[in-house]
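Undergrad: I am attaching a structure below and will ask some questions about it afterwards.
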Amino acid sequence: MSGRIMRWIGIGGVLLLTLGLAACQAARMADRRTSDWQPQRVAVLPYQAAIGGEEGNVRSPLTGASFRPGPMIEGAGMALDASLNQWLPKVANFQIIPVSQAGAVFDRMRREDISLNLMQAVRATAERLKADAVLVGFVYRFAQRVGGPYAADRPASAAFDLNLIRVSDGAVIWKNSFDETQQAFSEDILAASQYMDRGLRWFTVQEWGDIGLGQLLERLPWRKEAPSKPAE
């Protein structure tokens with residue numbers, strides 16, 4: 001009797017393992033399908049402040065991801081827009097419709113038809129601009145440091161994301177986020193090497209956001225190829 005039970009347990013374990021491997025394979029295939037899709041012309045919308053929340057958190061209007069809210073300086077979205085405008089042309093391998101152009105169309109679309117929800121307005125903007133994808137970002141926290149560059153009572157803290165939407169079906173094809181508070185270099189040795197080129201100091205939140213956006217875009221699937229080294 002005990003042998004029969006052990007055989008059933010063994011069979012069940014094999015089935016669970018098989019199902020797990022199948023699920024992993026399906027996930028890898030889904031990731032491959034996503035990475036195979038190449039955006040050609042991408043409209044970049046202005047960063048928008050996400051407000052409100054439940055149980056001390058605020059959620060992304062697009063993905064539902066949860067973030068810890070906090071103070072938000074005036075002009076937080078504009079600071080991230082400026083950083084994105086600097087970073088994106090350096091790394092992206094698709095044509096970019098800049099925030100200055102796409103944002104104006106997006107605002108006009110929402111004024112012309114106030115019944116449009118966020119996704120409808122995003123897709124309508126893309127169709128007007130003949131874009132096949134849209135980059136949309138939200139900022140949840142953008143807290144300025146308190147103190148100076150070498151003696152801060154409170155470090156800069158930021159939380160924001162970036163999402164790429166495929167216009168044809170409204171799917172969020174790629175998403176990533178940055179949600180960090182600067183740590184003392186004595187407590188985070190890895191951070192010291194990451195930010196060495198900017199100097200060992202306490203950053204303003206604008207600088208911290210720029211650092212975070214650069215790190216976020218390092219994970220963008222559609223990046224330009226690094227130039228090959230010349231032959232010696």
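The values are calculated or read from the model by the stated rules, or taken from the named source; none is laboratory data. Bear in mind that the values here come from a model prediction, so they are computed numbers and not experimental data. All Cβ positions, glycine included, derive from the backbone under ideal geometry; neighbour counts span all protein chains shown.
Undergrad: Of (1) farther than 24 Å from P221 by Cβ; (2) surrounded by 14 or more Cβ atoms within 10 Å (Cβ to Cβ); (3) at pLDDT 95 or above, A158 satisfies all except one. Which?
TA: For A158, the failing item is (1).
Here's the yes/no breakdown for (1) in contact with a helix residue (DSSP H, G or I) (Cβ under 6 Å, 6 or more places away or on another chain); (2) within 30 Å of W37 (Cα to Cα):
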{"residue": "D107", "(1), (2)": "no, yes"}
{"residue": "N117", "(1), (2)": "no, yes"}
{"residue": "T125", "(1), (2)": "yes, yes"}
{"residue": "V134", "(1), (2)": "yes, yes"}
{"residue": "G148", "(1), (2)": "no, no"}
{"residue": "P155", "(1), (2)": "no, no"}
{"residue": "N163", "(1), (2)": "no, yes"}
{"residue": "R166", "(1), (2)": "no, yes"}
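Undergrad: Here's a follow-up. Which of the numbered conditions does T34 fail, given that it passes all the others? Conditions: (1) within 18 Å of the chain's Cα centre (by Cα); (2) at pLDDT 95 or above.
TA: Status for T34: all satisfied but (2).
Undergrad: Counting just the residues of the range 198-222 that are assigned to a helix (DSSP H, G or I) and of a type in the set (V, I, T), which one comes out farthest from G148 (Cα to Cα)? Walk me through how you get there before you give the answer.
TA: First, the residues of the range 198-222 that are assigned to a helix (DSSP H, G or I): 198, 205-217.
Narrowing further to those that are of a type in the set (V, I, T): 205, 211.
On the way: V205: 12, I211: 18 Å.
My answer is I211.
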